[in-house]
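Novice: Sharing a structure, written as structure tokens. Questions coming.
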Amino acid sequence: MNIDPHELARRAVLAFVLEASCPKEACTSRYADIGPKQRFEDFLVSAVNSSRHFYELGVRIREEHGQPRVFYDLAHQAMMESQRSRSGKIVNYGLLEAMFPVAVSRSTRADDGLSALAGVPEVLRATSREDVEYVAEMRRVIYSRSDKAFKREFAFHTEGTNVFEHYEHHRTVAHEASRLFVSELLDGMPLTAGMYRVISKTDGSLAERIASGFRAARQRTSLPAGAVADFTAVAIYLALSDGVTAEF
């Protein structure tokens with residue numbers, strides 16, 4: 001398959017960095033941290049630490065000539081290694097959970113950002129039982145370290161023969177924010193598609209378009225600002241993949 005693993009990794013990391021850098025209400029940016037556990041430098045270091053795992057995703061796609069049989073192990077590894085060279089909490093859980101299936105869709109099933117987003121449910125249905133185990137373990141780790149009691153007490157579950165089925169079950173038992181997060185993926189990512197359209201425009205600077213897309217998305221959803229930011233990074237990745245310049 002004609003895919004450059006280095007370029008896939010470069011775009012993913014660049015999207016993470018650009019999203020974190022851009023000022024957005026209720027989110028960390030290069031101008032302000034929203035709290036001592038969510039510092040700007042934490043997002044940058046975590047982004048760099050994920051590079052090798054997105055590179056490996058590209059290698060698997062190329063070698064397996066399409067969607068890899070298993071790839072959420074790479075998301076799990078990227079999350080667990082995100083704290084290398086820094087202290088503090090894991091800050092990229094949602095970023096990674098959203099970005100990996102989108103990167104697979106864009107690389108194997110789509111020629112542009114909108115078709116990549118629409119293809120995410122198909123990617124999720126084509127995942128394996130092993131992928132389900134890794135997705136569930138990512139959530140278990142994050143919830144077990146949460147400051148919120150209802151997350152620490154959440155019953156660990158691994159239902160589903162693929163990630164699509166797992167998410168369908170999860171949104172019947174999870175709290176609202178998590179239900180909305182997995183629903184975005186299950187439903188073909190309509191919120192992200194709206195941000196992608198704004199970011200892909202040619203008027204205004206990239207930073208202005210990112211901020212504008214983020215504001216519009218927040219008006220359309222009850223998702224927390226941080227989760228909207230996760231999907232913003234996905235929209236940026238797709239815009240970069242479709243040739244949008246990264247100049248702020």
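Novice: Take the residues of segment 110-123 that are at pLDDT 95 or above, over 14 Å from the mean Cα position of the chain (by Cα) and not small (Gly, Ala, Ser): which is surrounded by the most Cβ atoms within 10 Å (Cβ to Cβ)?
Specialist: Looking at residues that are at pLDDT 95 or above, over 14 Å from the mean Cα position of the chain (by Cα) and not small (Gly, Ala, Ser), I get Val123.
Novice: Have a look at Val123, Val91 and point out the one that is in a loop (DSSP other than H, G, I, E, B) and out of contact with any Cys (no Cβ under 8 Å at 6 or more places or on another chain). Explain how you work it out, then say what you get.
Specialist: Working: Val123 fails: in a loop (DSSP other than H, G, I, E, B).
Unique residue meeting the criteria: Val91.
Novice: On to the next question. Among the numbered criteria (1) among the charged types (D, E, K, R); (2) over 13 Å from Ile3 (Cβ atoms); (3) touching a helix residue (DSSP H, G or I) at 6+ places or on another chain (Cβ under 8 Å), which single criterion is violated by Asp42?
Specialist: The number of the failed condition is (3).
Novice: Given Ser107, Ser82, which one is in a helix (DSSP H, G or I), within 30 Å of Ala216 (Cβ to Cβ) and either of a type in the set (S, T, N, Q) or modelled with pLDDT under 95 (or both)?
Specialist: Working: Ser82 fails: in a helix (DSSP H, G or I).
Answer to the check: Ser107.
Novice: Same structure, new question: Which ones in segment 190-231 are in contact with a Phe, Trp or Tyr (Cβ under 8 Å, 6 or more places away or on another chain), more than 18 Å from Arg179 (Cα to Cα) and hydroxyl-bearing (Ser, Thr, Tyr)?
Specialist: Within segment 190-231, Ser205 is the sole residue that qualifies.
Novice: I need every pair where a residue in segment 180-209 that is in a loop (DSSP other than H, G, I, E, B) and surrounded by fewer than 19 Cβ atoms within 10 Å (Cβ to Cβ) has its Cβ under 7 Å from the Cβ of a residue that is among the basic types (Lys, Arg) and modelled with pLDDT of 95 or more, sequence separation at least 6 or different chains.
Specialist: So the pair list comes out as Lys201/Arg209.
Novice: Under 6 Å between Cβ atoms, at least 6 apart or on separate chains: pull out the pairs that start in segment 108-132 with a residue that is over 18 Å from His170 (Cα atoms) and end on any residue that is of a type outside the set (Gly, Ala, Ser) and modelled with pLDDT under 95.
Specialist: Gly119/Arg109
Novice: Pull up segment 7-38, narrow it to residues that are outside any helix (DSSP H, G or I) and in contact with a Ser or Thr (Cβ under 7 Å, 6 or more places away or on another chain), then point me to the one that is farthest from Met79 (Cα to Cα).
Specialist: Step by step, filter segment 7-38, then rank; the result is Pro23.
Novice: Considering segment 169-179 alone, what residues qualify as being in a helix (DSSP H, G or I) and either without any contact (Cβ under 8 Å) to a residue 40 or more places away in the chain or of a type in the set (Phe, Trp, Tyr) (or both)? Step through it out loud before you land on a result.
Specialist: Narrowing segment 169-179 to residues in a helix (DSSP H, G or I): 169-173, 176-179.
Hits for segment 169-179 are His169, His170, Arg171, Thr172, Val173, Ser178, Arg179.
Novice: Moving on. When Ala26 is evaluated against the numbered criteria (1) among the hydrophobic types (A, V, I, L, M, F, W, C); (2) modelled with pLDDT of 95 or more; (3) loosely packed, with under 15 Cβ neighbours inside 10 Å; (4) over 30 Å from Ser205 (Cα atoms), which criterion, by number, is the only one it fails?
Specialist: Exception for Ala26: condition (4).
Novice: Restricting attention to segment 40-59, and to residues there that are of a type in the set (D, E, K, R) and buried (at least 19 other Cβ atoms within 10 Å of the Cβ), which single residue is nearest to Thr108 (Cα to Cα)?
Specialist: At the first step, the residues of segment 40-59 found to be of a type in the set (D, E, K, R) are 41-42, 52, 56.
Now drop any that are not buried (at least 19 other Cβ atoms within 10 Å of the Cβ), which leaves 42, 56.
On the way: Asp42: 31, Glu56: 15 Å.
Step by step, filter segment 40-59, then rank; the result is Glu56.
Novice: How many residues, within segment 83-108, are surrounded by fewer than 22 Cβ atoms within 10 Å (Cβ to Cβ) and closer than 18 Å to Leu240 by Cβ?
Specialist: 1
Novice: If you go through segment 110-121 one residue at a time, do you hit one that is farther than 21 Å from Asp4 by Cα and in contact with a Ser or Thr (Cβ under 6 Å, 6 or more places away or on another chain)?
Specialist: no
Novice: Please go through (1) touching a residue at least 60 places away in the same chain (Cβ under 8 Å); (2) of a type in the set (Val, Ile, Thr); (3) within 22 Å of Ala239 (Cβ to Cβ) for Val48 and return the number of the only condition it doesn't satisfy.
Specialist: Among (1) touching a residue at least 60 places away in the same chain (Cβ under 8 Å); (2) of a type in the set (Val, Ile, Thr); (3) within 22 Å of Ala239 (Cβ to Cβ), Val48 violates only (1).
The values are calculated or read from the model by the stated rules, or taken from the named source; none is laboratory data. Computed from a predicted structure; not experimentally measured. With ideal geometry, Cβ positions are generated from the backbone for all residues, glycine too; neighbour counts draw on all protein chains shown.
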